[in-house]
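Take a look at the structure set out below.
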Amino acid sequence: MHEIRVGFEDILKKQLELAGKNYELLSTHGVKAFNVMGAIGSGKTTVILRLAEALRRRGLRAGAVAGDVAGDDDYRRFRQAGLPAANINTGDDCHLDAHRVHHILEELPLDEIDILFIENVGNLVCPADFPLGTEMDIVVISVTEGGDMVRKHPKIFAQTDVMVINKVDLAEVVGVDPQRLVADYRTVNPHGIAILTDAKIGRGIEELLSALGI
Amino acid sequence: MHEYSLALSLLESLRARLAEDPVRGRVKKVHLRQGELLVLSREALREAWSLVTEGTELAGSELAIETVPVRVRCLACGYGGDAKYLAAEGWHVRVPVLSCPRCDARVEIVEGRDLAVVALTVEERVETG
């Protein structure tokens, strides 16, 4: 038996190249996009809806992509709020990828959008491995999922630019200290920005916009 | 959860390569490098590999997977090299921290998300006649 060295070829390179193409396409149309990842039911859609309202007040137009395993509930909420939106059903996949996003970008009126929120599939494991070609990664969790979320999924938090802790109004009821989540986040990601929100009433949304550099 | 699709991409790229540049003999082992940040179940990948290679020239080959540490680059001080890791107790996995080991500024990941074939172990056929 003998060993043959093979030229290094990253099989994930295609994804990276596609993500680069998405970024270029978005830039050509003057769109800044954000990858919104996070736990199931943490309030990703509500956070995006509130961000869109805040952007409208500033004269900026938001758009949204709803990524889910099945259904179009989030998509319909975006449309109801008057946002240009598109829906991606991944079938069995637990994450969005650059290829799927590329197709959906062709369906969106990019010239009518300044800021695009791409809502990823609710999952704290896989989405971090698939770059989409966005400006920044956001991860949304809420206090109702417990105080250990960062410790249980350190990799995604270590790589994400902004962490949103939503439903802070319920912190006391569920007995979770949001500051502990913030401290854990600082440990895994000293340069990340943590924002506390109660998206239902729009609390923390202006701070979040500043964290996104808008 | 995406091990199956990774196994398929792996098979596709390796077969394309073998078609271009054939090896003499049977591939016994496929040596892979896996970036430390890539979330991957090795067990699931091995299982997926044995399924997707069935009926191909790579059937029966094994995956030998080596983890490659994250490498980072600092835009502030120019540092390039290994990442810093979580030092605190109670974190049960190795988590690279994206902060410069030299000046604490934010760093970029240069390496550590990839999955690549680096070598093949081939059992040579003994030519007779």
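The values are calculated or read from the model by the stated rules, or taken from the named source; none is laboratory data. What you see is a predicted model, and the numbers here were worked out from it, not measured in a lab. FYI the Cβ positions are ideal-geometry reconstructions off the backbone, even for glycines, and counts take in every protein chain you see. Accessible surface areas use protein heavy atoms only, side chains included; no ligands, DNA or RNA. Shrake-Rupley method; radii C 1.70, N 1.55, O 1.52, S 1.80 Å.
Could you tell me whether A:SER27 is more than 14 Å from every other protein chain (Cβ to nearest Cβ) and either under 21 Å from B:LEU115 (Cβ atoms) or crowded, with 22+ Cβ neighbours inside 10 Å (or both)? Walk me through it before giving the result.
Values: more than 14 Å from every other protein chain (Cβ to nearest Cβ): yes; either under 21 Å from B:LEU115 (Cβ atoms) or crowded, with 22+ Cβ neighbours inside 10 Å (or both): no.
Considered against the rule, which asks whether it is more than 14 Å from every other protein chain (Cβ to nearest Cβ) and either under 21 Å from B:LEU115 (Cβ atoms) or crowded, with 22+ Cβ neighbours inside 10 Å (or both), A:SER27 comes out as no.
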| said: Would you confirm, using the coordinates I've provided, whether A:LEU132 is surrounded by 15 or more Cβ atoms within 10 Å (Cβ to Cβ) and assigned to a helix (DSSP H, G or I)? | reply: no
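Does the stretch A:154-171 hold any residues that are within 14 Å of chain B (Cβ to nearest Cβ) and in a helix (DSSP H, G or I), and which are they?
Of all residues in the stretch A:154-171, those within 14 Å of chain B (Cβ to nearest Cβ) come to A:154-163.
Residues satisfying the conditions are A:PRO154, A:LYS155, A:ILE156, A:PHE157, A:ALA158.
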| request: Answer yes or no as to whether A:LEU60 is within 14 Å of chain B (Cβ to nearest Cβ), surrounded by 15 or more Cβ atoms within 10 Å (Cβ to Cβ) and farther than 20 Å from A:ASN166 by Cβ. | output: no
| field | Flag for B:LEU63 being of a type in the set (A, V, I, L, M, F, W, C), surrounded by 15 or more Cβ atoms within 10 Å (Cβ to Cβ), without any contact (Cβ under 8 Å) to a residue 40 or more places away in the chain and under 14 Å from B:THR121 (Cα atoms) | value | yes
| task | Kindly list the number of the only condition in (1) under 27 Å from B:PRO96 (Cα atoms); (2) within 10 Å of another protein chain (Cβ to nearest Cβ); (3) touching a residue at least 24 places away in the same chain (Cβ under 8 Å) that fails for B:VAL39. | result | (3)
| message | Looking for something aliphatic (A, V, I, L, M), free of Cβ contacts under 8 Å to residues at least 40 places away in the same chain and open to solvent by 60 Å² or more (accessible area, probe 1.4 Å) - is there at least one such residue anywhere in the stretch A:151-172? | response | yes
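Before we move on, is B:SER61 within 27 Å of B:VAL97 (Cα to Cα) and polar (S, T, N, Q)? Break it down stepwise before answering.
Numbers: within 27 Å of B:VAL97 (Cα to Cα): no; polar (S, T, N, Q): yes.
No.
Among the charged types (D, E, K, R), in contact with a strand residue (DSSP E or B) (Cβ under 6 Å, 6 or more places away or on another chain) and farther than 29 Å from A:ARG203 by Cβ, is that true of A:ARG100? Step through it out loud before you land on a result.
Numbers: among the charged types (D, E, K, R): yes; in contact with a strand residue (DSSP E or B) (Cβ under 6 Å, 6 or more places away or on another chain): yes; farther than 29 Å from A:ARG203 by Cβ: yes.
It is true that A:ARG100 is among the charged types (D, E, K, R), in contact with a strand residue (DSSP E or B) (Cβ under 6 Å, 6 or more places away or on another chain) and farther than 29 Å from A:ARG203 by Cβ.
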| said: With the condition being within 19 Å of A:LYS155 (Cα to Cα) and more than 7 Å from chain A (Cβ to nearest Cβ), I'd like the strands (runs of 3 or more DSSP E) fully within the stretch B:53-129 carrying at least 1 qualifying residues. | reply: B:62-68, B:71-74, B:80-82, B:107-111
| note | The lone condition B:PRO96 fails out of (1) of a type outside the set (S, T, N, Q); (2) out of contact with any Asp or Glu (no Cβ under 8 Å at 6 or more places or on another chain); (3) within 25 Å of A:VAL150 (Cβ to Cβ); (4) surrounded by 14 or more Cβ atoms within 10 Å (Cβ to Cβ) is (2)
